[in-house]
Every structure is written in C-alpha cells, then in structure tokens.
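> The structure is given below, and queries will be raised subsequently.
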C-alpha cells in the first residue's frame, strides 16, 4: 500500500515540475510544430509483473503538436510486450501484452531537454485482460530528428498493478 502511494506521489511531483517548467521555460525548441515520431521502447518490469517478466520491449508511434515555443501536446500508442520468465524447472511464464493509448505534454526547460507527462489507458491483450490506468512521467532530450527519453510507466487497476522503468529512442518525421 505504501509503495502505491509513493509511486503516485512521485508521479504527482513530476507533473507539478512539468507544469512549473511550462510557466518558466524560455527556450525556443522543436515543440512549435507538428511532427510524427516512431520509437523503440526497452523496459525493466516493476511491481507485480516483475515476478513473471524480466524485460519489456515495445514499439510506439507519437504525434506531437506544438502549443507554443516551449510546450507540446503528445498522443502516443503502440504495443509493449512483457516477456515471460523461464524458471529453473523449465516452466515459462506467459508473455503479457499491453496496448497503450496516452495523451500528455512535453515542457521544454532548455533548447533540447524536456519534462514529459502522459495519462491514458492500457489494454491488456491476454484472454480476460483488463484495462489499466497509465500514468507516465518522463525526462527527455529531443533534436530535430531524434527523441531520447527515460520514464516510469505505471499500470494500475483491478487487482494486478505493475509498471516499468523504460528508455525510448524515437525518430521524428
């Protein structure tokens, strides 16, 4: 119970920092125009799913629309696969797939560096899978073509809550 509160508190703090960055950032960045980005996501599972999976791999597509000189709206979707662990007795846990659908903001606090925050839904793909609330704070670095970020992504809802610490490398068009 305490760890869920801590995770939500950290997410709330990152969101507040993001909003503060929106108010104080003065740098002109690549946030002022629309761009499409495709990325590769590598993750380390946390929470309940860590008992069944050692790593996650995903592919995502992101639409970014500039809202000003230092703020952009984002919409992200794709697919994450949490690969099942193989145990010493030969048993292999099933993979868990999730389709994220998130919206958020990027607030640039430097020419290339940004805080990001996304909120959305994740749809588990296994039989009987549920819909999860996704909260995802991030810290990133973007150039005209590349977008590199590190984030924590929390999937909560029903009785099975989990997350991942992930890195994303994306290419913008």
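We did not get these values from a lab; they are worked out from the coordinates using the rules stated. Here the structure is a predicted model, which means the values were calculated and not measured. Cβ atoms come from the backbone with ideal geometry, glycine included; neighbour counts cover every protein chain shown.
> Taking other Cβ within 10 Å of each residue's Cβ, how do 65, 164 sort, fewest first?
Taking fewest neighbouring Cβ atoms as first place, the list is 65, 164.
> Turning to a different aspect of this structure: Calculate the spin-label point distance for residue 144 paired with residue 101, positioning each point 7 Å from the Cα along the beta-carbon direction, and give it in nanometres.
Here the modelled spin labels are 3.6 nm apart.
> Kindly rank 69-75, 90-96 from highest to lowest mean number of other beta carbons found within 10 Å of each residue.
Order by mean packing, descending: 69-75, 90-96.
> If you don't mind, there's one more thing I want to ask. Which peptide among 112-122, 143-153 comes first, and what is the full order, when sorted by highest mean count of other Cβ atoms within 10 Å?
112-122, 143-153
> Would you mind estimating how fast the range 114-173 diffuses translationally, via Stokes-Einstein at 4 °C and 1.567 mPa s with the Kirkwood radius over Cα pairs, in µm²/s?
Roughly 102 µm²/s, to the nearest whole number.
> Let me ask something additional. By how many nm would the segment from residue 65 to residue 40 grow when fully extended, if each residue of separation counts as 0.36 nm and the alpha-carbon distance is taken off?
Going from the current span to full extension adds 7.0 nm.
> May I ask you to derive the FRET efficiency for residue 50 and residue 133 from their Cβ-Cβ distance with R0 = 22 Å, giving the value to the nearest 0.05?
After rounding, the FRET efficiency stands at 0.70.
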